[in-house]
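Undergrad: Take this structure first; my questions come after.
The values are calculated or read from the model by the stated rules, or taken from the named source; none is laboratory data. What you see is a predicted model, and the numbers here were worked out from it, not measured in a lab. With ideal geometry, Cβ positions are generated from the backbone for all residues, glycine too; neighbour counts draw on all protein chains shown.
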Amino acid sequence: MSEKQSKFHGGLLIFFFLVGIIATLWIVIRNGWWLPELASEHGAVIDRIFITILVISGILFILSEFALSFFVFKYAGSSERKAFYLPGNTRKEILWSIIPGTLVVVLLEVSAEFLGGASLWGKLHGEVPKDAFLVEITGEQFAWNLRYPGPDGKFGRTDPKLISPDNPLGIDISDENAEDDIVFPAGQGIMYLPLDKPVVMLIRSKDVLHSPFLPNFRVKQDAVPGMTTRAWFVPKKAGEYELACAELCGLGHYRMKLPVIVAPEEEVKEWLSQQTPAVDLYY
Ligand SMILES: [Cu+2]
């Protein structure tokens, strides 16, 4: 490669880097750069950790990209200078492994200990509050099934062998806990949640990996076929929100959204009492 070509390539790298920055800024200024309005109790801790990591890694990213483009440009191949062979330098290699390694550990410690990450993790993955509001969400390509436990507060048994077009979750209606369950087949439900009350979301999948994502509540948890995963949170702001699928699950992935409404508990109870229980659907 000639010296001219080489300089040209270095210049191109800087050019595309700048184009990337300008395009990113443009998107951010146009659409906003942060997650939608925070509406859950624990979300502030997540935001704090998120921003801290973003700022630190963002600064490092920009510095290293500029250094990279600068060196590519400055030390471009030259006909007057011979390329020379570097056999490797163990001391330097150890150094540039230890420095980023230490930085990652420091970042981890800072977010876990000082920003509240560890205790929040313990809280969200430990015992769920006893008086929580239950809702079950089951992903399938490409929509969400919903189920509420009904007045008894217990979900009835399900069996994959009972799944049919009329019984999309395979509810076993001979189980007494199943009779009052309220089922919304794929794409027909609303996630109606009580304000200021812990909500436990039981998460399942009928086919592949999905991931219910509630950006306003800073909640995201994978739906894994063959098991029930769980997420819980406390909605702190009434309003209308949206749940999306955050796991690329196939061609119709973008269609997997579900309306979410947060309202005072009385209103949610009233709405639930107007829905048809499983006993009327499956007997
Ligand atoms: Cu999905």
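Undergrad: Out of (1) closer than 30 Å to A112 by Cα; (2) surrounded by 10 or more Cβ atoms within 10 Å (Cβ to Cβ), what's the single condition that is false for G77?
TA: (1)
Undergrad: Any residue that is of a type outside the set (D, E, K, R), free of Cβ contacts under 8 Å to residues at least 40 places away in the same chain, assigned by TED's automatic domain parsing to the domain that holds D152 and closer than 21 Å to A132 by Cβ - is there at least one of those in region 212-226? Let's see the steps before the verdict.
TA: Pass one, region 212-226, residues of a type outside the set (D, E, K, R): 212-217, 219, 221, 223-226.
Keeping just the survivors that are free of Cβ contacts under 8 Å to residues at least 40 places away in the same chain gives 213, 221, 224-226.
From what is left, the residues that are assigned by TED's automatic domain parsing to the domain that holds D152 are 213, 221, 224-226.
Add one more test, that the residue is closer than 21 Å to A132 by Cβ, and what stays is 213, 221.
Yes; the residues of region 212-226 include at least one that is of a type outside the set (D, E, K, R), free of Cβ contacts under 8 Å to residues at least 40 places away in the same chain, assigned by TED's automatic domain parsing to the domain that holds D152 and closer than 21 Å to A132 by Cβ.
Undergrad: List the number of the failed condition for A244; all other conditions in (1) in contact with a Gly (Cβ under 7 Å, 6 or more places away or on another chain); (2) within 16 Å of the ligand (Cβ to nearest atom); (3) among the aliphatic types (A, V, I, L, M) hold.
TA: Against the list (1) in contact with a Gly (Cβ under 7 Å, 6 or more places away or on another chain); (2) within 16 Å of the ligand (Cβ to nearest atom); (3) among the aliphatic types (A, V, I, L, M), A244 comes up short only on (1).
Undergrad: Here is a list: A39, A44. Which entry is surrounded by 11 or more Cβ atoms within 10 Å (Cβ to Cβ) and either in contact with a helix residue (DSSP H, G or I) (Cβ under 6 Å, 6 or more places away or on another chain) or polar (S, T, N, Q) (or both)?
TA: On the way: A44 fails: either in contact with a helix residue (DSSP H, G or I) (Cβ under 6 Å, 6 or more places away or on another chain) or polar (S, T, N, Q) (or both).
The conditions single out A39.
Undergrad: Given (1) in contact (Cβ under 8 Å) with a residue 40 or more places away in the chain; (2) more than 30 Å from P151 (Cα to Cα); (3) not polar (S, T, N, Q), where does K123 come up short, assuming only one miss?
TA: Tallying (1) in contact (Cβ under 8 Å) with a residue 40 or more places away in the chain; (2) more than 30 Å from P151 (Cα to Cα); (3) not polar (S, T, N, Q), K123 fails exactly one: (2).
Residues checked against (1) of a type in the set (G, A, S); (2) away from the ligand (no atom under 16 Å from the Cβ):
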{"site": "E127", "(1), (2)": "no, yes"}
{"site": "A132", "(1), (2)": "yes, yes"}
{"site": "G150", "(1), (2)": "yes, yes"}
{"site": "D166", "(1), (2)": "no, yes"}
{"site": "S174", "(1), (2)": "yes, yes"}
{"site": "A178", "(1), (2)": "yes, yes"}
{"site": "P194", "(1), (2)": "no, yes"}
{"site": "I203", "(1), (2)": "no, no"}
{"site": "R218", "(1), (2)": "no, yes"}
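Undergrad: Out of the residues in region 197-240 that are out of contact with any Ser or Thr (no Cβ under 6 Å at 6 or more places or on another chain) and small (G, A, S), which is farthest from L35 (Cα to Cα)?
TA: Across region 197-240, the extreme among qualifying residues is G226.
Undergrad: For the list (1) surrounded by fewer than 18 Cβ atoms within 10 Å (Cβ to Cβ); (2) touching a strand residue (DSSP E or B) at 6+ places or on another chain (Cβ under 8 Å); (3) modelled with pLDDT of 90 or more; (4) not basic (K, R), I need the number of the one condition that G122 fails.
TA: The single condition G122 does not satisfy is (2).
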